[in-house]
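To keep things clear, I will list the structure first and then write my remarks on it.
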Amino acid sequence: MANITLPLDIDSLKILSQDIDEKGNIVLTVESKCQQTHCHKCGKSATKRHGYGETMKVRHTSILDTPVILKIKPVRYLCEHCGDGPTTLEKFDWVAKGGKITKGLETYIQRSLINSTIQDVSRKEGVSYSTISTMLSHSIGVTVNWDNLRDLHTIGIDEISNRKGFQDFVAIVSAKDTQGNLSILAVLDDRKKETVLDFFQSIPDELKQTVKHVCTDMYDGFINAAVEVFGQKKVVVDRYDVAKLYRQPLDDLRIKEMKRLKLELSAADYAELKGMMWILRKQHECLTETEKSKLTLLYRHSPLLKKAHRQALTLTHIFNTHSDRKSAIAKIDRWITQVEKSELSCFDRFIGTLTKYKSSIANYFKNRKNSGFVEGLNNKIKVVKRRCYGFTKAESLFQRLTLDLQGYRMLGI
Ligand SMILES: [Zn+2]
């Protein structure tokens, strides 16, 4: 087989010799073309050679699937500016922090880590778990680097349960900038108002001013913290979170009514009502003819469920219709009055919540800012969690999400 000669992709190095070690790795003995270093004491240029430091072995990107190790003896330089003649070892700008791998390999590993796990990449590349994990903490960090963000535009805040970790819930704060780029701002240890407030306040003023909307779940701690820092007008409660809250009592009522009907109807009549859960949850206009006739049948058997379902549909319709904020509030108020006048009691609790957060809920109508992107993010988090078998530290989740969401952008691919 003909030998292939590849030039090294690190310009400052000269290859002295190449070998294959006992493990089959390609070992390139190299030296630096640099003739000086900066004195660690005075910072001036030190050019007088004064022996060598310990030989370093640095893993580099593989060639034809064979690991490459760069072997180098760093030169020690003596400073002629400082009176006591201190010596300084030459520094290599091509070595990643931690000293075990090159920056080239670091970029390669970062790319491999996107949507994968440390364990997986460690095994595939034959680089130790700790080297990769050290690399990850150096290159990504455990908190957001505000310098990397130009504007925040829309902030999303959401909670996820973390049963394998120490606390039950963590709060994920994310942002979508004017260009549509998604970034993770924080994974907070808990979802208390003070924690969220502290974080919002820690956003540099310049960036804080770029925030146009804060999308949140209907959760006291989140809403109050957001209102305090960004003002009532910018806080938008996720309409899908609102929908969850009025679908739940409808579901509960359906279960209760189906139990009643099971006792009262003949087995054959009851069987005709199978699959009602999905029919009730579907958008009315999406129902097939068969489903519509099933629904009519259910309505006939349970007038109460009919009323509740119709009211839920009315509310969904309000959210689906373009209105200005003021008329949307009027419509919601009319809906509340209607329900309160009816015999329905299943929405009582929901109406309490709706009234309490009406202002933030109605902000949705100002520019129909739903937090769809927060929902998308949640799906991403679920995948990360499944892949990582739960996570114990908020910091690790922050790094993982940052890499998965911003990795390609960070690496310029
Ligand atoms: Zn010096």
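Of the residues making up segment 3-28, those that are surrounded by 16 or more Cβ atoms within 10 Å (Cβ to Cβ), in contact with a Ser or Thr (Cβ under 8 Å, 6 or more places away or on another chain) and over 30 Å from His81 (Cα atoms) number 4.
Report yes if some residue within segment 340-356 is crowded, with 17+ Cβ neighbours inside 10 Å and in contact with a Phe, Trp or Tyr (Cβ under 7 Å, 6 or more places away or on another chain); otherwise report no. For segment 340-356, residues crowded, with 17+ Cβ neighbours inside 10 Å and in contact with a Phe, Trp or Tyr (Cβ under 7 Å, 6 or more places away or on another chain): present.
On inspection, Asp19 does not qualify as touching a strand residue (DSSP E or B) at 6+ places or on another chain (Cβ under 9 Å) and modelled with pLDDT under 90. Note on segment 156-188: among residues that are polar (S, T, N, Q) and at pLDDT 85 or above, the one that is surrounded by the fewest Cβ atoms within 10 Å (Cβ to Cβ) is Gln179.
Ile101 falls short on exactly one of the conditions (1) in contact (Cβ under 8 Å) with a residue 12 or more places away in the chain; (2) within 23 Å of His50 (Cβ to Cβ), and that condition is (2). Any residue in segment 58-76 that's outside the structural domain of Asp21 (by TED's automatic domain parsing): show its pairings with residues that are at pLDDT 95 or above at Cβ separation under 7 Å, as long as the two are six or more apart or on different chains. Pairs that qualify, where the first residue is outside the structural domain of Asp21 (by TED's automatic domain parsing) and the partner is at pLDDT 95 or above: there are none. Just one residue in the set Thr154, Thr178, Thr143 is touching a Cys at 6+ places or on another chain (Cβ under 7 Å) and either closer than 21 Å to Val236 by Cβ or assigned to a loop (DSSP other than H, G, I, E, B) (or both); that residue is Thr154. Taking the conditions (1) more than 16 Å from the ligand (Cβ to nearest atom); (2) small (Gly, Ala, Ser); (3) touching a Phe, Trp or Tyr at 6+ places or on another chain (Cβ under 6 Å) in turn, Gly98 satisfies each one other than (3).
Taking the conditions exactly as written (out of contact with any Lys or Arg (no Cβ under 6 Å at 6 or more places or on another chain) and outside the structural domain of Ser302 (by TED's automatic domain parsing)), does Lys262 satisfy them or not? No: the conditions fail for Lys262. Annotation: of all residues in segment 55-80 being part of a loop (DSSP other than H, G, I, E, B) and under 29 Å from Lys124 (Cα atoms), the one that is nearest to the ligand (Cβ to nearest atom) is Lys73.
For segment 81-120, a residue qualifies if it is closer than 30 Å to Lys382 by Cα and part of a loop (DSSP other than H, G, I, E, B), and the qualifying residues are Ile114, Asn115, Ser116, Thr117. Residue pairs whose Cβ atoms lie under 6 Å apart, separated by 6 or more positions or on different chains, with the first residue in segment 178-193 and under 18 Å from Lys208 (Cα atoms) and in the same structural domain as Ser161 (by TED's automatic domain parsing) and the second at pLDDT 90 or above and assigned to a loop (DSSP other than H, G, I, E, B), are Thr178/Asp151; Leu185/Val144.
Counting only helices (runs of 4 or more DSSP H) that sit wholly inside segment 281-378, those with at least 3 residues that are of a type in the set (A, V, I, L, M, F, W, C) are 289-301, 303-320, 325-341, 348-356.
This table checks each residue for (1) among the acidic types (Asp, Glu); (2) more than 23 Å from Glu395 (Cβ to Cβ); (3) surrounded by fewer than 15 Cβ atoms within 10 Å (Cβ to Cβ).
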residue: Leu78; (1), (2), (3): no, yes, no
residue: Lys97; (1), (2), (3): no, no, yes
residue: Thr131; (1), (2), (3): no, no, no
residue: Leu152; (1), (2), (3): no, no, no
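If I filter segment 20-43 down to residues being of a type in the set (Gly, Ala, Ser) and within 30 Å of Ile63 (Cβ to Cβ), which single residue comes out as nearest to the ligand (Cβ to nearest atom)? Per the stated criteria, the residue is Ser32.
The values are calculated or read from the model by the stated rules, or taken from the named source; none is laboratory data. Because the structure is predicted, anything quoted here is derived from the model rather than measured. A quick note on method: Cβ atoms are made from the backbone with ideal geometry, for glycine too, and the neighbour counts reach across all protein chains shown.
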